[in-house]
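Asks: Sharing a structure below in structure tokens format, with a few things to ask.
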Amino acid sequence: MAIQQQVKNRNIPQLLSLAILGVLLLLYAPLLLHWLDGWLHKNISTEHEYFSHGLIGLPFAAYLVWLQRKQWQRLPNIIHPLGPVLLLVGGVFYLSGVAEWVNLSFPAILAGLCLWFKGMPGLKLQGFPLLLIFFATPTAGPYLIAPYTLPLQSFIAGTAGFILNQFGMEVTVDGVNLYVGGRIVEVAPYCAGLKMLFTTMYVSLMLLYWTGALSSRRITSWFLVIAILISISANILRNTALTFFHGTGQEAAFKWLHEGWGGDLYSGCMLLLLLPLLNRINCYFSTVTDSEAEAEG
């Protein structure tokens, strides 16, 4: 009887976890599928496309949670007072029917569950996966930022015009507009490279965490700064190419790079540069650290 009681006691937490997982799937599977379909087929709002890095971030977050499952089980069962509050807030957001709030209810409920079952240690353990989920959750952030990108738009337009002038093209720059070949090309707010910048920062955080370099402030700072510069430079070159294609009447090439899979290919190649960049920075600071240790010795 005692053995049977122990087996039952062990099964209760497992059954409870499965039940909660089932409820979460029922509630959020349609939402996640909506995000996935919108990101893949680009039939979601422009603002939500800014979060398409969730295509790699959400599976990676789930993978990290799976890797940490044994550490999670070893944590003591502690209920943090903030847990029920976040669950309540998440529930209210979900039932509100407002798309923005329904989206935000997902990370809120996940964080609430961590605090409900394992307290602050559980939240700290799952902190990075939750961060990835939060930054992949579509919000109105890009829409709110767009009005403040005018200086960046003007800088991109001016730089693209300067580059094309060096190749003999007659380009006139007026604010965020470029006039070339009797045509006008506007560097709109959504062409300012924010999407590429968000994706670059997101992927950079993933790489820093995966390689363990996130614990080094020097490596993290240098890597993020250089990654941002690469992203801005890549976007300037992309806008330069778009201006060239549109100004010379190559509409097929323009659409391919602007709206087609060419833009995704270009962004993917740019993101691949982050891998050797991080390796180079790691090697450099490892060498510097060894040299400093030898000097002190």
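Laboratory data are not the source of any read-out in this text; all were calculated from the coordinates shown. Computed from a prediction, not measured in an experiment: that's the story for all the values here. Cβ: placed from backbone, ideal geometry, glycine included. Neighbour counts: every protein chain shown.
Asks: Along the Cα-to-Cβ line of I78, 7 Å from the Cα, sits a label point; which residues in the stretch 99-117 have backbone N less than 18 Å from it?
Replies: 111-117
Asks: Further, regarding this structure: Answer with one residue from L36, L15, S52: the one whose Cα lies farthest towards the positive end of the charge dipole of the stretch 2-140, charges on Cβ with Lys, Arg +1 and Asp, Glu -1.
Replies: Farthest along the dipole direction, towards plus: L15.
Asks: Rounded to the nearest whole Å³, what is the per residue volume of the convex hull around the Cα atoms of the stretch 149-296?
Replies: Per-residue hull volume (Cα only) is 124 Å³.
Asks: Counting other beta carbons within 10 Å of each residue's own, what order do H34, H53 fall into, fewest first?
Replies: In increasing order of surrounding Cβ atoms, one gets H34, H53.
Asks: A further question on this structure: Apply the membrane-span-like helix rule to the chain: whole DSSP H runs, Cα extent along the own long axis of at least 18 Å, mean Kyte-Doolittle hydropathy at least 0.0. List the helices found.
Replies: Both cut-offs are met by 2-41, 54-67, 82-96, 99-125, 150-166, 194-211, 217-247, 274-296.
Asks: Quick one: which of 261-268, 182-189, 109-116 comes out on top by average Cβ neighbours within 10 Å, and what's the full order, highest first?
Replies: 109-116, 182-189, 261-268
Asks: Taking the Cα centre as origin and putting +1 on Lys and Arg beta-carbons and -1 on Asp and Glu beta-carbons, what dipole magnitude results for the stretch 124-221, to the nearest 20 debye?
Replies: Value, rounded to 20: 520 debye.
Asks: Please arrange H80, H41 by how many other C-beta atoms lie within 10 Å of their C-beta, fewest to most.
Replies: The most exposed by this proxy come first: H41, H80.
Asks: Using 0.36 nm times the number of residues separating L36 and N177, minus their current alpha carbon distance, what extension gain do you get?
Replies: 47.4 nm
Asks: Can you tell me the Rg and Dmax of the stretch 132-194, counting just the alpha carbons, in angstroms?
Replies: Computed over the Cα atoms of the stretch 132-194, radius of gyration and Dmax are 14.9, 47 Å.
Asks: Report the gain in length on full extension from M120 to D264: 0.36 nm times residue separation, minus Cα-Cα distance, nm rounded to one decimal.
Replies: 47.9 nm
Asks: Then there's this: Run the dipole for the stretch 149-296 about the Cα centre, Lys and Arg Cβ at +1, Asp and Glu Cβ at -1, nothing else charged, and hand back the magnitude in debye, nearest 20.
Replies: 240
Asks: As a check on your grasp of the helix formula, calculate [θ] at 222 nm for the chain: sum -39500 (n - 2.57) over DSSP H runs of n ≥ 4, divide by the residue count, round to the nearest 500.
Replies: About -25500 deg cm²/dmol.
Asks: Here's something else I'd like to know. State the answer as a single residue: which of L86, I163, L272 lies farthest towards the positive end of the charge dipole of the chain, with beta carbon charges of +1 for Lys and Arg and -1 for Asp and Glu, about the Cα centre.
Replies: L86
Asks: On to the next question. If you average 1/r across every pair of different Cα atoms in the stretch 55-172 and take the reciprocal, what Kirkwood value do you get, in Å?
Replies: For the stretch 55-172, the Kirkwood estimate is 17.3 Å.
Asks: Would you give the gap between the C-alpha center of the stretch 58-85 and the C-alpha center of the stretch 253-270, rounded to a whole Å?
Replies: Taking the Cα centre of the stretch 253-270 as reference, the centre of the stretch 58-85 is 38 Å away.
Asks: For the chain, with only Lys/Arg (+1) and Asp/Glu (-1) charged at the beta-carbon, what is the dipole magnitude about the Cα centre, in debye rounded to 20?
Replies: 1220
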